[in-house]
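Student: First the structure, then my questions, so here it is.
The values are calculated or read from the model by the stated rules, or taken from the named source; none is laboratory data. In this text the structure is predicted, and so the values were computed from the model without any measurement. Glycine also receives a Cβ, built like all others from the backbone with ideal geometry; neighbour counts cover every protein chain displayed. In case anyone asks, the SASA skips ligands and DNA or RNA and just uses the protein heavy atoms, side chains included. Shrake-Rupley method; radii C 1.70, N 1.55, O 1.52, S 1.80 Å.
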Amino acid sequence: MAFITIDDKEFHAKINFSASDRADEKYSTQDVDGLTAIYLGLLQGDIKSIRSFWDCALLHHDNKPSIKKIEKALENRIEDDGTEPLFKEAFSTLDKSGFFSERAKMIADNMMKEPKVADNETDEQKKERLDQEEMTAYMKERYEKLTE
């Protein structure tokens with residue numbers, strides 16, 4: 001279970017409507033909603049996505065800690081344990097959340113698809129496809145690491 005300790009109190013993560021709304025409000029892009037942006041950021045190893053996750057996942061607490069306190073708690077855990085446990089916990093929380101599990105499955109399914117070779121592929125298209133294949137391989141590897 002994902003947790004951080006702030007002021008000697010343990011706070012557990014939870015994805016719910018409030019978390020989803022906060023994610024949309026603060027972290028969505030033109031292309032994806034907020035939770036998807038956070039999920040993809042975690043998958044890509046973007047450390048800021050850990051902070052974004054916790055900013056949203058603690059909204060269910062009556063006295064949600066400030067972003068500065070969250071950052072300090074994360075920094076303490078990183079000093080003690082490194083980043084990998086935080087990535088795994090956040091990723092797992094989103095992956096198993098009833099609020100996000102269907103989208104997580106869709107993202108994983110799409111990620112596992114190999115790019116198709118176009119008929120009469122130009123050099124530019126080939127380069128783009130090879131770049132996409134490289135990114136797909138990285139994302140698959142990262143997904144497996146985060147879900148082990």
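Student: Any residue in the stretch 98-120 that's touching a residue at least 40 places away in the same chain (Cβ under 8 Å): show its pairings with residues that are assigned to a loop (DSSP other than H, G, I, E, B) at Cβ separation under 6 Å, as long as the two are six or more apart or on different chains.
Tutor: Matching pairs, first to second residue: F99/I15; F100/I15.
Yes or no, residue by residue, for (1) of a type in the set (S, T, N, Q); (2) at pLDDT 90 or above:
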site: K64; (1), (2): no, yes
site: I78; (1), (2): no, yes
site: E84; (1), (2): no, yes
site: T93; (1), (2): yes, yes
site: K113; (1), (2): no, no
site: K126; (1), (2): no, no
site: E134; (1), (2): no, no
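Student: So, one more: I'm trying to understand the selection: among the residues of the stretch 115-133, which are under 23 Å from A104 (Cβ atoms) and of a type outside the set (S, T, N, Q)?
Tutor: The initial filter retains those residues of the stretch 115-133 that are under 23 Å from A104 (Cβ atoms), namely 115, 132-133.
Within the stretch 115-133, P115, E133 qualify.
Student: For E121, are the conditions met, namely being surrounded by fewer than 11 Cβ atoms within 10 Å (Cβ to Cβ) and not hydroxyl-bearing (S, T, Y)? Working first, answer last.
Tutor: Working: surrounded by fewer than 11 Cβ atoms within 10 Å (Cβ to Cβ): no; not hydroxyl-bearing (S, T, Y): yes.
Against the criterion (surrounded by fewer than 11 Cβ atoms within 10 Å (Cβ to Cβ) and not hydroxyl-bearing (S, T, Y)), E121 does not qualify.
Student: Another one. How about the stretch 75-100: which of its residues are open to solvent by less than 50 Å² (accessible area, probe 1.4 Å) and closer than 17 Å to A37 by Cβ?
Tutor: F87, A90, F91, T93, L94, D95, S97, F100
Student: Can you pull out the residues in the stretch 106-129 that are closer than 21 Å to G45 by Cα and not charged (D, E, K, R)?
Tutor: Restricting attention to the stretch 106-129, the residues satisfying the condition of being closer than 21 Å to G45 by Cα are 106-113.
Scanning the stretch 106-129 gives M106, I107, A108, N110, M111, M112.
Student: Output the residues belonging to the stretch 100-120 that are under 14 Å from the mean Cα position of the chain (by Cα) and part of a loop (DSSP other than H, G, I, E, B).
Tutor: F100, the sole residue that qualifies.
Student: Tell me which helices (runs of 4 or more DSSP H) are completely within the stretch 6-74 and hold 2 or more residues being open to solvent by less than 70 Å² (accessible area, probe 1.4 Å) and closer than 24 Å to K145 by Cα, or say none if there are none. Please lay out each step first, then the result.
Tutor: On the way: elements: 17-27, 34-43, 47-57.
In the stretch 6-74, 34-43, 47-57 are the helices (runs of 4 or more DSSP H) which contain 2 or more residues that are open to solvent by less than 70 Å² (accessible area, probe 1.4 Å) and closer than 24 Å to K145 by Cα.
Student: Just to be sure I understand the filter: pairs with C-beta atoms under 9 Å, separated by 6 or more residues or on different chains, first member in the stretch 73-92 and closer than 18 Å to G41 by Cβ, second member open to solvent by 10 Å² or more (accessible area, probe 1.4 Å) and aromatic (F, W, Y). Which pairs pass?
Tutor: Listed pairs, sorted by first residue: E89/F3; F91/Y143.
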